[in-house]
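Each remark here refers to the structure printed beneath this line.
The values are calculated or read from the model by the stated rules, or taken from the named source; none is laboratory data. Just so we're clear, the structure is a prediction, and the values are computed from it rather than from any experiment. Cβ atoms come from the backbone with ideal geometry, glycine included; neighbour counts cover every protein chain shown.
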Amino acid sequence: MADFTFHHGGVSVPSLDEALDWYGNVLGFELEKRFYIEAARSHTAMVKKGPLRFEIFEVEGAAPLPEDRRHPPSDLKTHGNKHVAFRVADLEAFLTEMEAKEVDIAFVVRESFGKGCFIRDCAGNLIEFVEEPNG
């Protein structure tokens, strides 16, 4: 079987500049490069935080995010890619930081199998953060 590793996740937004500010100020991603994808008519940026990469697209004439894609339970009812998830050491500390930054917290789960939350970026896209249980 072919060997491979994860490279990046991607998200489409209405404003690349606003998204670069949000991903930088809220999550600490830094701009790696900006470029234009002619075939997609997309102003695009790759941002990076340590080994993590995220590609952000501002596509000319793109449709806005449908309302049901903004809520984790309803989003799962449509086939396709759902979200990216990042691990955090302490969900409660992460939530406190996000609240202080006035981030849109969409959904919080505190269950025996683990804890996590979904936040919405500046365009409403869902991003998950999970704290795995010990042992």
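Annotations for the structure displayed:
- Test: residue in the stretch 77-96 that is modelled with pLDDT of 95 or more, surrounded by 15 or more Cβ atoms within 10 Å (Cβ to Cβ) and not aliphatic (A, V, I, L, M): yes
- Members of the stretch 117-135 that are among the small types (Gly, Ala, Ser) and on the phi < 0 side of the Ramachandran plot: ALA123
- In the set (1) surrounded by 13 or more Cβ atoms within 10 Å (Cβ to Cβ); (2) over 21 Å from LEU126 (Cβ atoms); (3) of a type in the set (Asp, Glu), GLU58 fails one condition alone, (2).
- Qualifying residues in the stretch 71-105 (those that are over 20 Å from GLY28 (Cα atoms) and not in a loop (DSSP other than H, G, I, E, B)) - the one nearest to the chain's Cα centre (by Cα): PRO72
- Close Cβ contacts (under 8 Å, 6 or more residues apart or on different chains) running from residues in the stretch 14-37 that are more than 17 Å from VAL84 (Cβ to Cβ) and assigned by TED's automatic domain parsing to the domain that holds GLY50 to residues that are surrounded by 12 or more Cβ atoms within 10 Å (Cβ to Cβ) and among the polar types (S, T, N, Q) comprise LEU16/THR44; ARG34/THR44; PHE35/THR44; TYR36/SER42; TYR36/THR44; ILE37/THR44.
- In the set ASP17, ASP21, only one residue is within 17 Å of ASP121 (Cα to Cα) and over 15 Å from the mean Cα position of the chain (by Cα); that residue is ASP17.
- Residue among GLU30, GLU55 that alone is of a type in the set (D, E, K, R), farther than 17 Å from CYS117 by Cβ and in contact with a Lys or Arg (Cβ under 7 Å, 6 or more places away or on another chain): GLU30
- The single condition among (1) assigned by TED's automatic domain parsing to the domain that holds VAL13; (2) touching a Ser or Thr at 6+ places or on another chain (Cβ under 9 Å); (3) exposed (fewer than 13 other Cβ atoms within 10 Å of the Cβ); (4) not acidic (Asp, Glu) that PRO133 does not meet is (1).
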